[in-house]
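Working notes for the structure below.
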Amino acid sequence: MIKITKKWHKDCGGIVRYQKPMFDAHFKKAGFCIKCESFPLMTEEIIFEIDNQKVERFYDNKENPGWRIINKNQIKEKLV
């Protein structure tokens, strides 16, 4: 089992925390970006840390969409 320790927003690289919505919604918790304050974030909008060198992120390109585990130095986003 993979233990995820840090999460970042794909758009701005800000740290993501999960929080409850302030209103009635169809979800109990959702991602909230501390940097740009985007809420709610879909799972596909979050980069997940696997370990000190690897992250998992979603690619939505038409040719080969899906989740991939890659080295942190291979992603274009600047993580805070």
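The values are calculated or read from the model by the stated rules, or taken from the named source; none is laboratory data. Computed from a predicted model, the values in this text were never measured in an experiment. When we count neighbours, we look across all protein chains shown, and the Cβ atoms used for this are built from the backbone with ideal geometry, even at glycine.
Screening the candidates 13, 66 for the property of being on the phi > 0 side of the Ramachandran plot and surrounded by 15 or more Cβ atoms within 10 Å (Cβ to Cβ) yields one hit, 13. Picking from residues in segment 1-19 that are of a type in the set (A, V, I, L, M, F, W, C) and part of a loop (DSSP other than H, G, I, E, B), the one that is farthest from residue 72 (Cα to Cα) is 1.
All conditions but one from (1) without any contact (Cβ under 8 Å) to a residue 24 or more places away in the chain; (2) among the aromatic types (Phe, Trp, Tyr); (3) surrounded by 10 or more Cβ atoms within 10 Å (Cβ to Cβ) apply to residue 8; the one that does not is (1).
Here's the yes/no breakdown for (1) modelled with pLDDT under 95; (2) within 16 Å of the chain's Cα centre (by Cα):
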position: 19; (1), (2): yes, yes
position: 27; (1), (2): yes, no
position: 36; (1), (2): no, yes
position: 49; (1), (2): yes, yes
position: 57; (1), (2): yes, yes
position: 61; (1), (2): yes, no
position: 77; (1), (2): yes, yes
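Once segment 20-64 is narrowed to residues that are small (Gly, Ala, Ser) and part of a loop (DSSP other than H, G, I, E, B), the residue that is nearest to residue 7 (Cα to Cα) is 38. Of the residues 48, 23, 39, which single one is within 12 Å of residue 79 (Cα to Cα) and aromatic (Phe, Trp, Tyr)? Only one candidate qualifies: 48. Screening residue 73 with (1) surrounded by 12 or more Cβ atoms within 10 Å (Cβ to Cβ); (2) of a type outside the set (Asp, Glu); (3) not in a loop (DSSP other than H, G, I, E, B) gives one miss only, at (1).
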